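The values are calculated or read from the model by the stated rules, or taken from the named source; none is laboratory data. Every value quoted in this text rests on a predicted model; they were computed, and no experiment measured them. Ideal geometry is used to build each Cβ from the backbone, glycine not excepted, and the neighbour counts take in all protein chains shown.
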Amino acid sequence: MTSQTSEVVIQAGRRRALDPRELWSFRELFYFFTWRDVKVRYRQTLIGAGWAIIQPLAAMLVFTVFFHNVAGVSSGNVPYAIFAYSGLLFWNYFSTVVTAMSNSLVNHQSVITKIYFPRVIPPVSSSLLGIVDFSFAFVIFVCLMIYYGSTPSVVGLLLIVPMLVLSLIFAVGVGILLAAVNVKYRDVRTAMPFLVQLMMFMTPVIYPLSSFPHRFVWIVNLNPMAGVISTMRAGLIGQGSIHWGQLGLSCVSAVIVLALGLSYFARSEKRFADII
């Protein structure tokens, strides 16, 4: 009885495409990495997943006091607390995914240098961490909606999953690009908190999209998270209205970022084991 083994050869100067069949054959490793990342995230923490609730709540209180009460940032026809939390809910989901993905390859360097597997698995498995945090934070968001008497529209409820998918597409594009860059330049790990904070202030998280002049709104919506947050605020808490054309622009932008991230990752993959 003979057994067949497969051999993967990674040649310098040759670009390897991401093969869905190969990814499927390594699906058990994907599950293992995902479960490991979840356990590591909450290991030896006093309140565990409670941080997913405390962080947006604390940020909401700070933004309400300083940006709304002191700086006078308006939230239109809805209370600023739920306005800020709705933005933080989806922003924290995006930032969690990007941060986890950007560090994923470096965190798995001991495995990457020993055996072959599709290098895209660690970043993609890390992207699921955001779902865990989002689920806990969303429970508090529902409580806030009940407290403030906010009734979501049917369209808003139906758009929750599509907007999560759109956020994930954009986050994976950014995260997988930074993961590849981080292998060679470890400055990415140090710069990530600053980059995430900078991107947050460029996204209508603490201020409404209507604060921009109308002729510049399309530029803001090139940032997919601007479209996501504005759409969810309109659908869930009634702040503004859904602009489908602007949301479409955000979708196109997210797909382009994903394509660029995957392309750069595929070109860089063959050098990971040598330089990590």
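Below, the figures for the structure above:
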{"read-out": "Residue among Gly261, Gly245, Gly235 that is in a helix (DSSP H, G or I), small (Gly, Ala, Ser) and without any contact (Cβ under 8 Å) to a residue 60 or more places away in the chain", "value": "Gly245"}
{"read-out": "Subset tally (residues that are surrounded by 16 or more Cβ atoms within 10 Å (Cβ to Cβ) and among the aromatic types (Phe, Trp, Tyr)) for segment 139-157", "value": "1"}
{"read-out": "Evaluation of Gly227 against (1) closer than 15 Å to Gln246 by Cα; (2) at pLDDT below 90 (one fails), failing number", "value": "(2)"}
{"read-out": "Single match in Val228, Val252, Val196 (criterion: free of Cβ contacts under 8 Å to residues at least 12 places away in the same chain and part of a helix (DSSP H, G or I))", "value": "Val252"}
{"read-out": "Options Ser167, Ser150; residue that is part of a helix (DSSP H, G or I) and either of a type in the set (S, T, N, Q) or in contact with a His (Cβ under 8 Å, 6 or more places away or on another chain) (or both)", "value": "Ser167"}
{"read-out": "Failed condition for Ala84, given (1) part of a helix (DSSP H, G or I); (2) out of contact with any helix residue (DSSP H, G or I) (no Cβ under 7 Å at 6 or more places or on another chain); (3) more than 20 Å from Asp37 (Cα to Cα)", "value": "(2)"}
{"read-out": "Qualifying residue in segment 119-133 (condition: in contact with an Asp or Glu (Cβ under 6 Å, 6 or more places away or on another chain) and not in a helix (DSSP H, G or I))", "value": "yes"}
{"read-out": "Identity of the residue in segment 124-134, in contact (Cβ under 8 Å) with a residue 40 or more places away in the chain and within 18 Å of Ile229 (Cβ to Cβ), that ends up surrounded by the most Cβ atoms within 10 Å (Cβ to Cβ)", "value": "Gly130"}
{"read-out": "Residue in segment 173-190 that is under 23 Å from Ser125 (Cα atoms), part of a helix (DSSP H, G or I), under 17 Å from the mean Cα position of the chain (by Cα) and modelled with pLDDT under 90 present", "value": "yes"}
{"read-out": "Meets criteria (under 21 Å from the mean Cα position of the chain (by Cα), at pLDDT 85 or above and basic (Lys, Arg)) for Arg41", "value": "no"}
{"read-out": "Cβ-Cβ under 6 Å pairs, at least 6 apart or on other chains, segment 10-28 side closer than 12 Å to Ser268 by Cα, far side part of a helix (DSSP H, G or I) and at pLDDT below 50", "value": "none"}
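Condition check ((1) over 16 Å from Leu178 (Cβ atoms); (2) crowded, with 23+ Cβ neighbours inside 10 Å) across all residues:
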{"position": "Phe212", "(1), (2)": "yes, no"}
{"position": "Trp218", "(1), (2)": "yes, no"}
{"position": "Thr231", "(1), (2)": "yes, yes"}
{"position": "Ile237", "(1), (2)": "yes, yes"}
{"position": "Trp244", "(1), (2)": "yes, no"}
{"position": "Tyr264", "(1), (2)": "no, no"}
{"position": "Ile276", "(1), (2)": "no, no"}
